[in-house]
1. Looking at the structure I just gave you, is A:Gly553 assigned to a loop (DSSP other than H, G, I, E, B) and either surrounded by 23 or more Cβ atoms within 10 Å (Cβ to Cβ) or modelled with pLDDT under 95 (or both)?
2. Return yes when A:Tyr575 is at pLDDT below 95 and aromatic (Phe, Trp, Tyr) and no when it is not.
3. Does segment A:270-289 hold any residues that are surrounded by 15 or more Cβ atoms within 10 Å (Cβ to Cβ) and small (Gly, Ala, Ser), and which are they?
4. Return a yes/no flag: does segment A:69-78 have any residue that is in a loop (DSSP other than H, G, I, E, B) and touching a residue at least 40 places away in the same chain (Cβ under 8 Å).
5. From the set of residues in segment A:215-227 that are in a strand (DSSP E or B) and in contact (Cβ under 8 Å) with a residue 60 or more places away in the chain, which is nearest to A:Met93 (Cα to Cα)?
6. How many residues, within segment A:163-173, are surrounded by 14 or more Cβ atoms within 10 Å (Cβ to Cβ) and more than 16 Å from RNA strand B (Cβ to nearest atom)?
7. Tally the residues that are among the aliphatic types (A, V, I, L, M) and either at pLDDT 95 or above or farther than 19 Å from A:Arg99 by Cα (or both), restricting the search to segment A:185-203.
Amino acid sequence: MTAASSTPNLQIQLPDGNIVEQPPSGTSMDVAKDISEGLARSVIAAEIDGSIVDADRPFGEMSTGDKPIALRLLTSRDPEALGVLRHSAAHVMARAVMRLFEGVSLAFGPTTEGGFYYDFDLPEKISEEDFPKIEAEMRRIIKDKEPFERFALEREEARQLCEDLNQDLKVEHIETGLADQTHVSFYRQGEFVDLCRGPHIPNAGKIKAIKVMSIAGSHWKGDASGRYLQRLYGTAFFDKKELAAYLEQIEEAKRRDHRVLGRQHGLFSINPEVGQGLCLWLPKGAKVRVALEDFLRKELLSRGYDPVYSPHIGRVEMYETSGHFPYYRDSQFSPLFGSEVGGLLDAWSRRLEEGTLDSEGEEKMIEAAKVFGVALPKYRSSATVEDRQRVLHDWQKVNERYLLKPMNCPHHCHIFKAQPRSYRQLPLRLFEFGTVYRHEQTGELNGMLRVRGLTQDDAHIFCTAGQVEDEFRAPIELTTFVWQSVGLDDYRVQLSLRDPKSDKYVGTEENWSQAETALRSVLEQSGLDYNEEEGEAAFYGPKADFMVRDCIGRSWQLGTVQLDYNLPERFKLEYNGSDNVAHRPVMIHRAPFGSLERFTGMLVEHFAGAFPLWLSPEQVRVLPLSDKYIEYAVQVAQQLEAEGLKVTVDSSGGKVQAKIRNAQLELVNYMAVVGPKEAESGQLALRDRIDGDLGSMPVAEAAARLKKEVSERQVRQVVRTKAGNAAVAAVDSDAVGNEY
RNA sequence: GCCAGCGUAGCUCAGUUGGCAGAGCUGCUGAUUUGUAAUCAGCCGGUCGUGGGUUCGAGUCCCUCCGCUGGCUCCA
């Protein structure tokens with residue numbers, strides 16, 4: 001197609017298999033132009049041999065050998081293109097900020113799931129009032145349609161350039177983060193030059209819709225002790241309609257906020273006087289939880305789990321054995337001491353460990369302990385800090401210290417140990433809805449999603465190494481079953497494996513590779529969508545975490561299945577094998593819900609408060625036409641209750657229209673209107689929250705209908721249609737079972 | 001824990017340059033006796049998150065603490 005030149009042309013293979021030729025200076029854009037001007041206009045970037053690059057990168061820079069270069073032209077229709085657009089929009093935003101503010105130091109500006117951000121260090125505080133002028137400046141930049149021009153420099157030149165530009169964070173990054181690079185790339189857009197890996201869109205005019213979303217704090221390279229930066233969030237799209245839809249989705253998420261709906265519908269309450277992060281389950285919320293617990297308990301019992309119970313506190317020594325106490329000390333509530341001097345010795349011991357206790361302070365501690373009647377004769381004669389700590393620790397051991405339990409597993413390990421175990425008893429599956437307490441940082445607390453007192457649907461499976469595969473498969477099947485039962489069918493799994501280069505892991509090499517192979521093969525067989533993350537495993541074993549996507553597209557990390565080689569070792573768990581020799585079991589932690597608090601909060605948002613019948617705290621409300629029919633209404637309610645349904649009677653005055661409106665707004669699944677006709681014939685007029693009036697029918701018929709819906713755990717997915725419109729619409733009124 | 005914003009009745013919110021604390025819903029009382037998304041009237045309800053300061057005077061301006069929200073860091 002193009003004229004031959006002295007250097008040999010490169011072969012470019014298009015997705016349809018066709019091969020075109022380009023000189024080494026040719027670009028993806030040139031290929032596009034050869035195909036059509038229209039295509040060239042819509043090209044955003046290119047995928048070359050699997051990596052995404054600028055559309056104007058010469059092929060010569062990227063040719064790796066004699067194979068044809070695989071080229072895919074990306075337009076706004078390709079999902080990858082949006083990321084490129086947003087990254088460029090981040091540059092545009094940074095450029096606008098530099099035009100508007102003095103002394104801006106640029107950090108990083110990556111894309112995120114919903115848009116992008118850019119971190120800045122600048123003397124002035126950016127506030128929301130600045131957003132309109134930042135957006136206006138961005139629009140001016142976009143209107144100029146200036147290109148993004150890439151150039152590469154040697155590291156030292158690059159460092160010098162950043163220094164000349166007064167970009168000290170970039171200088172630091174070149175010196176540290178990019179220390180192993182010989183060349184680094186920059187992008188220039190008009191007066192704005194930024195150290196950047198790219199790729200970028202051909203010119204700023206491709207950005208059709210932008211919005212600056214929010215401002216927040218962040219830290220340089222994520223180090224909480226590092227330099228404090230201001231993070232400006234924004235988003236960008238190829239189309240104004242897409243931006244509007246995105247903003248609408250955010251509004252929708254706000255309307256579904258479980259904290260708002262939880263209060264509005266009387267599900268739960270979190271009150272600072274009760275305690276930060278400690279939730280009160282109000283009767284209606286508790287009914288939802290009971291339904292979830294009953295459902296799961298029944299499943300577990302039928303799947304070979306044994307119920308157990310354990311107390312809310314346990315001796316600190318047990319958590320020293322498990323390793324939780326020393327390792328997670330800062331996110332636990334302080335220990336409860338059997339003796340009033342316990343707190344003093346604890347603080348004393350910590351100071352010794354931190355090395356923050358001078359001899360004067362040490363003397364004061366000794367004196368203070370004496371006041372409490374505690375003499376520690378061996379303390380002074382102990383030479384080393386370790387010996388002194390041991391003296392304190394020995395005293396603490398005989399004087400009880402308890403921890404509000406942060407984990408159930410140590411208790412369950414002791415249940416395993418409570419009797420001699422034979423291989424014939426394995427796998428042993430112990431489950432408990434165990435409430436644990438963790439002193440989460442104040443800034444982390446979030447409604448029911450992050451609390452300080454939470455109930456895990458916890459279980460620990462003790463099994464032989466050979467049983468790992470089966471015992472890993474079963475909880476995964478259970479988890480997916482449980483989620484489908486509540487109407488969640490969009491999920492994926494993250495398999496977290498060890499980092500082969502690290503030595504922080506416990507357990508033998510053989511166990512790990514055997515376990516990782518087993519987990520991978522289970523996930524492979526299950527057909528689940530999963531990805532592997534090397535280095536993300538816990539130090540004690542590999543794990544599979546479940547991410548669920550709710551009906552408005554948000555991801556939640558909920559259930560988990562984790563292998564553990566550590567606790568059986570620490571608690572010296574053993575079973576007698578068929579060879580009559582003691583063996584160490586493998587332990588599996590698993591929780592399909594994660595925590596009842598978080599799971600319920602997520603469900604509230606997923607259903608926008610409108611629970612399916614089987615989970616609903618108020619399944620039927622009987623509405624007497626007037627006071628005259630309250631008696632009959634109560635009778636109907638009793639009949640429905642006798643069938644196991646959750647029923648209330650609205651005995652307030654007023655018209656039935658008002659009662660219906662209230663019941664609809666309170667998301668009661670079914671209404672039963674009763675008046676003279678029904679009272680005479682032993683009927684009720686059933687009204688469905690979703691489909692409206694279903695007509696009169698005998699009470700028994702209505703009960704049977706609802707019982708069927710409950711037992712099938714039907715999820716008739718509900719979606720709010722428009723802003724402020726409380727109407728709920730069935731996506732598919734013929735939906736049965738768990739499908740929607 | 002760090003940064004920013006916010007805190008007025010049970011809930012949602014108004015409250016002007018500093019000048020007598022308001023509305024709707026909820027709740028209570030009464031009237032109404034109702035057929036598939038709002039019957040009417042009256043009443044109750046607040047040390048304006050806490051403590052201090054500036055001022056003749058503070059919901060409003062300043063400081064402290066507490067709490068909430070968003071983000072950062074963390075998440076066994």
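The values are calculated or read from the model by the stated rules, or taken from the named source; none is laboratory data. No experiment lies behind these values; they were computed from the predicted model shown. Cβ sites come from the backbone with ideal geometry, for glycine too, and all protein chains shown count toward neighbours.
1. yes
2. Spelling it out, it is not the case that A:Tyr575 is at pLDDT below 95 and aromatic (Phe, Trp, Tyr).
3. Within segment A:270-289, A:Gly277, A:Gly285, A:Ala286 qualify.
4. yes
5. Among them, the one singled out is A:Ile215.
6. Looking only at that region, the number is 6.
7. 1
Table: residues versus (1) assigned to a strand (DSSP E or B); (2) farther than 18 Å from A:Phe593 by Cα; (3) among the small types (Gly, Ala, Ser).
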{"position": "A:Asn511", "(1), (2), (3)": "no, yes, no"}
{"position": "A:Glu533", "(1), (2), (3)": "yes, yes, no"}
{"position": "A:Val548", "(1), (2), (3)": "yes, no, no"}
{"position": "A:Gly559", "(1), (2), (3)": "yes, no, yes"}
